[in-house]
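Written out below as structure tokens is the structure these notes cover.
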Amino acid sequence: MSADFNSKTCAVIGLGISNTPLIEYLLEHGASVTARDKKLFEELPEGVRSYEKKGVRFICGEGYLDGLSEDYIFRSPGIRFDIPQFCRAVEGGSVLTSEMQLFFELCPAKIIGVTGSDGKTTTTTLIYKALCGQYGEERVFLGGNIGAPLLPRLSEMNSDSFAVVELSSFQLHTMTRSPDISVITNVSPNHLDYHRGMDEYIDAKKHIFKFQKHGSVLVLNAGNTITASFAEETAPGCDCRFFCGDYTYERDGAVFCRGRRIFNDSEVLLPGKHNLENYMAAIAALDGLVEDSVFEKLAQTFGGVEHRCEFVRELNGVRYFNSSIDSSPTRTSAALSAFKDKVIVICGGYDKHIPFEPLAEPLCSHAKTVVLTGATAGKIRDALVSSRKYVNGAPEIIEEPDFDAAVKAASECARPGDTVILSPACASFDAFKNFEERGKRFKKLIMEL
């Protein structure tokens, strides 16, 4: 694709956060735009509806995908690429693409992409902050699954800029471009309600490095069997670096990069072994671009990303943490391991059809009380009580279908010295729009105690 869409027809499917600026971009570059969304036109935000006055044609409601035949079809990441309407349009000559694909094809900056089942947002943020510390904020741009869409900021970028992009499997699924530096934090079962099995999910993740060129960098987790195996598929001339391996590693209470001590574990403000791994991934990605002292300062000052083991408040000797981002069992396991003493944890939410048996043992080891809520409460309970480590009702299990009631129950059973953490191990869609809304609700309830 080029930046010139004169005389081209474009369909924008799904009018969410990233696709709204895409409409603006396409209009500015000469396209004739049709906006399509399953919501009724009246249900769309006023700012989106206003594009009708700029000549955008809207097709909304149940038949929003009828008659697809535009030159370019930009799909929202949450809509599968292989639905019949897309397949028919492609057979008729349409190009099925995405906002992220367009950005990759037009971006003049060095692109650093991060994906993974867990830890990608913190790792992306660490990379962004380290680059800002080295080069200044004016040269570094943050986007993708985190931050604002980057397409409208293309004019601010040049070959000396850095674009740091968090990429989900949904976005990667149909990508035919890879970043200059690709990072895969780990891969474990996730989003199996969307992907047709674990193999497809893994293949989607591979797209972050599948199209890398000579001189590109690929950073893999040596401690994760699936990601470690990707090294065998590295492109010729690509620099493959292992964190938790021989490139960056933790030893004798410190983090090292190729033999150089970067900082002591005790200097890191973020709790948990998983956050040390996030640092090691970021350091491996930026080795040669960012000085070690920048990472040392970052470790001492960075307090974490909102909704990720975020400290909310202490009340009557009880500390409350919001980790609403924990939408998988592995994320919750990592969050629980960050605390020395057993905690009171709130789990449950939308059912992504992933197994909860791997969560049972960490809950038995790190939780004194498990408060279950949402659509998956029963599945988590069954996995927990079936665990060989679940003995004599420990941990205690409380079930509250309503989220607010679950938060209240957790606070009522807490005693001075206890820690209460929201770490759902599930997505939020059974009760909330997204994990941010869930986390903000939790924080509001805690602040009202």
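The values are calculated or read from the model by the stated rules, or taken from the named source; none is laboratory data. Being a predicted model, the structure only gives us computed values, none of them experimental. FYI the Cβ positions are ideal-geometry reconstructions off the backbone, even for glycines, and counts take in every protein chain you see. When the accessible area is computed, the model is the full protein with side chains, heavy atoms only, and any ligands, DNA or RNA have been set aside. Shrake-Rupley method; radii C 1.70, N 1.55, O 1.52, S 1.80 Å.
Could you grab me the full set of residues in the range 324-362 that are assigned to a helix (DSSP H, G or I) and either over 17 Å from ASN186 (Cβ atoms) or among the aromatic types (Phe, Trp, Tyr) (or both)? Scanning the range 324-362 gives GLU357, ALA360, GLU361. Of ALA367, ALA338, ALA377, ALA360, all but one fail to be out of contact with any strand residue (DSSP E or B) (no Cβ under 8 Å at 6 or more places or on another chain), more than 16 Å from SER324 (Cβ to Cβ) and either without any contact (Cβ under 8 Å) to a residue 24 or more places away in the chain or hydrophobic (A, V, I, L, M, F, W, C) (or both); the exception is ALA360. Looking only at residues of the range 239-288 that are open to solvent by 30 Å² or more (accessible area, probe 1.4 Å) and touching a residue at least 60 places away in the same chain (Cβ under 8 Å), we find that the one that is nearest to ALA130 (Cα to Cα) is GLU277. A single entry from ALA383, ALA367 fulfils the requirement of being hydrophobic (A, V, I, L, M, F, W, C), farther than 26 Å from GLY417 by Cβ and touching a Leu at 6+ places or on another chain (Cβ under 8 Å): ALA383. SER333 meets the conditions (1) open to solvent by 10 Å² or more (accessible area, probe 1.4 Å); (2) out of contact with any Pro (no Cβ under 7 Å at 6 or more places or on another chain) in every case but one. The failed one is (2). Against the list (1) small (Gly, Ala, Ser); (2) more than 22 Å from CYS107 (Cα to Cα); (3) in contact (Cβ under 8 Å) with a residue 60 or more places away in the chain, the condition GLY47 fails is (3). Residues in the range 106-117: is at least one assigned to a helix (DSSP H, G or I) and under 21 Å from the mean Cα position of the chain (by Cα)? The answer is no; no qualifying residue exists. Reported count of residues in the range 363-394, each being surrounded by 21 or more Cβ atoms within 10 Å (Cβ to Cβ) and either assigned to a loop (DSSP other than H, G, I, E, B) or at pLDDT below 95 (or both), is 3. Within the range 288-323, the set of residues being out of contact with any Leu (no Cβ under 8 Å at 6 or more places or on another chain), part of a loop (DSSP other than H, G, I, E, B) and at pLDDT 95 or above comprises GLY288, GLU291, ASN316, GLY317.
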